[in-house]
1. From the set of residues in the stretch 38-55 that are modelled with pLDDT of 95 or more and touching a helix residue (DSSP H, G or I) at 6+ places or on another chain (Cβ under 6 Å), which is most open to solvent (accessible area, probe 1.4 Å)?
2. Being part of a helix (DSSP H, G or I) and without any contact (Cβ under 8 Å) to a residue 40 or more places away in the chain is the filter here; which residues of the stretch 54-81 pass it?
3. Of the conditions (1) in contact (Cβ under 8 Å) with a residue 60 or more places away in the chain; (2) part of a loop (DSSP other than H, G, I, E, B); (3) in contact with a strand residue (DSSP E or B) (Cβ under 9 Å, 6 or more places away or on another chain), Cys10 clears all except one; give me its number.
4. So the check is Cβ under 8 Å with 6+ separation or different chains; which pairs have a first residue in the stretch 153-173 that's within 15 Å of Gln142 (Cβ to Cβ) and surrounded by 15 or more Cβ atoms within 10 Å (Cβ to Cβ) and a second one that's basic (Lys, Arg) and at pLDDT 95 or above?
5. Which of the residues that make up the stretch 20-52 are in a helix (DSSP H, G or I) and either free of Cβ contacts under 8 Å to residues at least 40 places away in the same chain or of a type in the set (Gly, Ala, Ser) (or both)?
6. Which of the following residues is open to solvent by 60 Å² or more (accessible area, probe 1.4 Å) and within 19 Å of Thr125 (Cβ to Cβ): Leu35, Leu31?
7. For the stretch 84-120, what are the residues that are at negative phi, touching a Lys or Arg at 6+ places or on another chain (Cβ under 9 Å) and acidic (Asp, Glu)?
Amino acid sequence: VSWTDAMSFCQWLSDREHASGALPSNEFYRLPSDLEWSYAAGLSDERGLTPELRDMGVLDVYPWGREWPPRKGTGNYTGEETGSDVAITGFNDGFPYTSPVGSFKPNDKGLFDMGGNTWEWVLETWNPKARSRVLRGASWFQGSLQLSLLASCRVHSMPDRETDNYGFRVIRTSAPAKTR
């Protein structure tokens with residue numbers, strides 16, 4: 001899914017639930033900000049004013065904790081089930097591609113799939129001059145390259161780009177999405 005499609009979904013869901021009365025008029029659905037996503041993934045002290053400057057700024061925290069490699073049940077990453085030459089040695093999550101949401105244990109905050117499965121779009125651009133948007137959390141396509149699985153790892157892509165390893169999560173808030 002593209003960033004543009006994810007934003008459209010959030011608007012559609014907000015409008016639908018406002019119309020039905022299921023969502024108060026002062027609340028909205030939107031993508032999380034980069035720092036909201038970091039907090040949800042267990043990172044509370046990142047430095048840098050932009051996602052670009054925060055990228056890989058914490059080198060010892062993964063969505064599942066501090067140990068490497070990931071334990072079984074921690075997320076959907078490139079394991080030996082894929083037959084890939086970049087598979088994490090000894091790791092097999094049972095899914096060669098995407099997995100159903102909630103297939104793995106939640107993190108300490110009770111949130112599912114903060115790592116693996118699909119990269120997740122967030123609100124921000126990579127830096128103030130960029131048009132590209134930020135994605136977090138790695139995907140089923142990431143394997144033995146440890147840096148790509150860090151909770152602080154970010155990638156960026158054009159807002160209209162969609163692939164089978166881009167997805168999103170929705171948050172409910174009283175602050176509508178502010179994008180530039």
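The values are calculated or read from the model by the stated rules, or taken from the named source; none is laboratory data. Computed from a predicted structure; not experimentally measured. Quick reminder, even Gly has a Cβ in these numbers, built from the backbone with ideal geometry, and neighbours come from all protein chains shown. Side chains included, ligands, DNA and RNA excluded: accessible areas come from the protein's heavy atoms. Shrake-Rupley method; radii C 1.70, N 1.55, O 1.52, S 1.80 Å.
1. Once the filter is applied, the top-ranked residue is Gly48.
2. Pass one, the stretch 54-81, residues part of a helix (DSSP H, G or I): 54, 80-81.
Glu80, Glu81 - these are the residues of the stretch 54-81 that are part of a helix (DSSP H, G or I) and without any contact (Cβ under 8 Å) to a residue 40 or more places away in the chain.
3. (2)
4. Hits for this filter: Cys153/Arg136; Arg154/Arg54; Arg154/Arg136; Ser157/Arg133.
5. From the stretch 20-52, those in a helix (DSSP H, G or I) are 20, 34-40, 51-52; that's our starting set.
Passing the criteria: Ser20, Leu35, Ser38, Tyr39, Ala40.
6. Values: Leu31 fails: open to solvent by 60 Å² or more (accessible area, probe 1.4 Å).
After applying the criteria, what remains is Leu35.
7. Correct list: Asp93, Glu120.
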